[in-house]
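See below for the structure under consideration.
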Amino acid sequence: MDLCQAAHQRKLETGRAQILLLYDVEPLGLELTAPWQVDVIPVSVCCLQQITHTDLLHALACGFDVIHVQVCASSADRLHQQQEVELVQVLGGLGRILLFDCAGTLARRLAAGIFPFPSVAPDIVAVGSRRDTARASAAALLPASEDHVVLPEQAPYGAVSLDEGLCNQCSSCVWVCPSDALSLTEDGGALSFVEAMCFQCGLCVSICPQRALSMEAGMDLSASAVLPHLLAGQGEKDAETPDLAE
């Protein structure tokens, strides 16, 4: 049983809030004291900078109510860490990821009581790739009515838009796309895009000789995010997407 499954099971059995504590250097003088209705799970990790938004989102969706993460030692790692935390906050973890730099700060936060958040079964969100897991976790954390989330510019999720009036159909964007989010339709006459596969790397935008492409960071939580749709071509319906009404 992994960490998230264990937290999920404890919450089901006890009803207690679950707090995850991540650190690579044990805080000096730390005493893990918390209210009786809270379980604190300390975990020592070798590389805090490798803890990403996917890991944090998955832990929150599966059963952990709050995650305390030790601040990375180097300034470069701290910047990356802060970006990952900001991404989690937008994707349903608002107020549930807290960074700490000393035992005193952590002890005061642990002493505060919290109420358990709803959680889902770990095997429901931990499916497919890490990107799939992040998307499924965000969908579990956010209200069901929220099917699109605007993200910070540096986020590795988002859409590509095309100005058809500028496009000369050179296909340069397709050849450089590292994730195959962009492709040509079978007849080669139109540009197809799958948002769930796009890393927002910007290669397509930078190589386009006509400056016809642009990016917008965000996460589409609807089922259509994993389906191809046309960015250019004849007709209003996506030739590659089946008509669900048939």
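The values are calculated or read from the model by the stated rules, or taken from the named source; none is laboratory data. All figures in this text were calculated on a predicted structure; none of them were measured in a lab. Heads up, the Cβs are rebuilt from the backbone with ideal geometry, glycines too, and the neighbour counts pull from every protein chain shown. All accessible areas refer to the heavy atoms of the entire protein, side chains included, with ligands and DNA or RNA removed. Shrake-Rupley method; radii C 1.70, N 1.55, O 1.52, S 1.80 Å.
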Practice problem: Show me 200-210, 145-155, 63-73 ranked by packing, highest mean number of other Cβ atoms within 10 Å first. | Solution: 63-73, 200-210, 145-155
Quiz item: Residue-wise, which Karplus ³J(HN,Hα) couplings in Hz belong to the stretch 108-117, taking 6.51 cos²θ - 1.76 cosθ + 1.60, θ = phi - 60°, and x for glycine or proline?
Solution: 5, 5, 5, 6, 7, x, 9, 9, x, 8
Self-check item: Highest-first arrangement of 101-107, 192-198, where packing means the average Cβ count within 10 Å
Solution: 192-198, 101-107
Exercise. Only Cα pairs under 8 Å and at least 6 apart count here; give the relative contact order of the stretch 85-233 as a rounded whole percent.
Key: 26
Quiz item: Restricting the count to DSSP beta bridges whose residues both fall in the chain, what percent are antiparallel, rounded to a multiple of 5?
Solution: 45
Quiz item: What does the accessible area per residue of the chain come to in Å², with a 1.4 Å probe and no ligands, DNA or RNA counted?
Solution: 53
Quiz item: Where does helix 53-62 land angle-wise versus the long Cα axis of the chain, in degrees 0 to 90, nearest 10?
Solution: 60
Quiz item: If you stretched the chain out fully between A144 and R10, how much longer would it get, using 0.36 nm times the residue separation minus the C-alpha to C-alpha distance?
Solution: 45.7 nm
Quiz prompt | Degrees, to the nearest 10: 75-88 long Cα axis against longest axis of the chain | solution = 80
Self-check item: Three principal axis lengths of the stretch 1-151 [C-alpha, angstrom, descending]
Solution: 43, 40, 27
Practice problem: First measure r as the distance between the Cβ atoms of S171 and V226, then evaluate 1/(1 + (r/R0)^6) with R0 = 25 Å and state the FRET efficiency to the nearest 0.05. | Solution: 0.60
